[in-house]
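Heads up: the structure comes next, in structure tokens.
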Amino acid sequence: KKMFKSTTPCWCWCLLWVIGALSDDDDARRPAKQVKFRQKVKRFEAKGEQATASYGPNPLHGKLLRSSLVSELYELLAEDVEEGATCVRSLSGGGGDDAVSWEAADQAVESYLASKGLYGEAVGVEAAVIDASNDGGVAKLRGERGVLATAHLAAGVCVGQYLGDESLDFEFERTYPFDGAKNLKSDPTNRRWSYAMHVGFDRGRRDRRISRFTSRKRDPFLKRKGKIPDDVVVTVSSDPTDPASPVVLANDCRADMSKATMSAEDERRRNADFLYCAVGGALFPFLVTTRPVDEGDQIFAYYGRHFILPPDDGGKGKQHGGELR
């Protein structure tokens, strides 16, 4: 029962995808509240630059902001959902001898939530400046910030949630317009792009084992058929100069950030994974260890194949963030 491994025949996956596509793309099959929300988002997006995002305080974290559209989305998804957490996607794709089961991932996040709650503080880790003793063999990270274990961590421990201001993806792009002529590391607006996770709800629906999709009791996505607005993407962005959680500063395990995939050495270096987990009907990113981590060792994750750097960048300056696309 390793994470993300399945012996399910390909035709079953294809059939599942077709059924999901037919139900998700037909507004007639969607609850009325979701249809209205989708229409509202489309109208707002169609206004272009003239429509600015309306932000307010995150009700669960006074330091963070949340757009009114995201608040409305979360309220919509919170109706008639089971308690607990259901992890539905791994950013790394999982696998390997260090993979933890989906059940263990669920339990890890549920244990964290029971102790700290949504938007809670990180546990067992701290932000620190990287040096030769904890660079994991990536010398270019020395002098940069990263995340270190403050005590021995077993495999399957949730150390925290990726925290930041929440907005829909197009709201984020309008609030923080990217300027390629400015420095990515020093410009405060561009810097947000390096520390942003784009949580697409459709991703989780495809990546988890088919057994969860065939159990309405366990799968909050299938249980409320058609209710998840899978064409909506929530962006969680953080200011790295003053992050709400050290989890935001976790470094990518790739020694060469110009490569989309991990090498064998990168795989050995990776000791944690970012997971999409359904909590209260919505998806949130959590960081869970995939193998034991000794006190003082650095936490390494993988931010996905879409998060790459030009070869001449050297892998510095944009190393601390990623995209969940």
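Computed from the coordinates by the stated procedures, all read-outs in this text should not be read as laboratory data. Quick caveat, the model's predicted, so the values are computed rather than measured. Positions of Cβ are backbone-derived with ideal geometry, glycine not excepted, and every protein chain shown enters the neighbour counts.
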What residues qualify as long-range amide H neighbours of Gly304, i.e. H under 5 Å apart, gap of 5 or more or another chain, H built at 1.01 Å from N?
none
Hey, rough spin-label estimate for Glu45 and Val129, points 7 angstrom out along Cα→Cβ, what's it come to in nanometres?
4.4 nm
Taking the highest mean first, how do the peptides 141-150, 260-269 order by number of other beta carbon atoms within 10 angstrom per residue?
141-150, 260-269
How long is the gain from Ser115 to Thr241 if the chain were fully straight, where each residue apart is worth 0.36 nm and the alpha carbon distance is subtracted?
42.7 nm
In nm, spacing of pseudo-spin labels at Leu60 and Arg142 (7 Å Cα→C-beta vector)
4.1 nm
Chymotrypsin sites (Phe, Trp or Tyr not before Pro) within the range 236-306: DSSP coil, no more than 14 neighbouring Cβ in 10 Å
none
Tally Lys and Arg at +1 and Asp and Glu at -1 over the other residues with C-beta under 12 Å from the C-beta of Tyr112: what net charge comes out?
-2
Per 0.36 nm of contour for each residue apart, how much would the distance between Asp187 and Ser263 grow if the chain were fully extended, relative to their Cα-Cα spacing?
24.3 nm
In terms of modelled amide H atoms, which long-range or inter-chain residues lie less than 5 Å from the amide H of Arg66?
Gly56, Asn58, Glu166
For every other residue with a beta carbon closer than 13 angstrom to the beta carbon of Ser167, add +1 if it is Lys or Arg and -1 if Asp or Glu, then tell me the sum.
-4
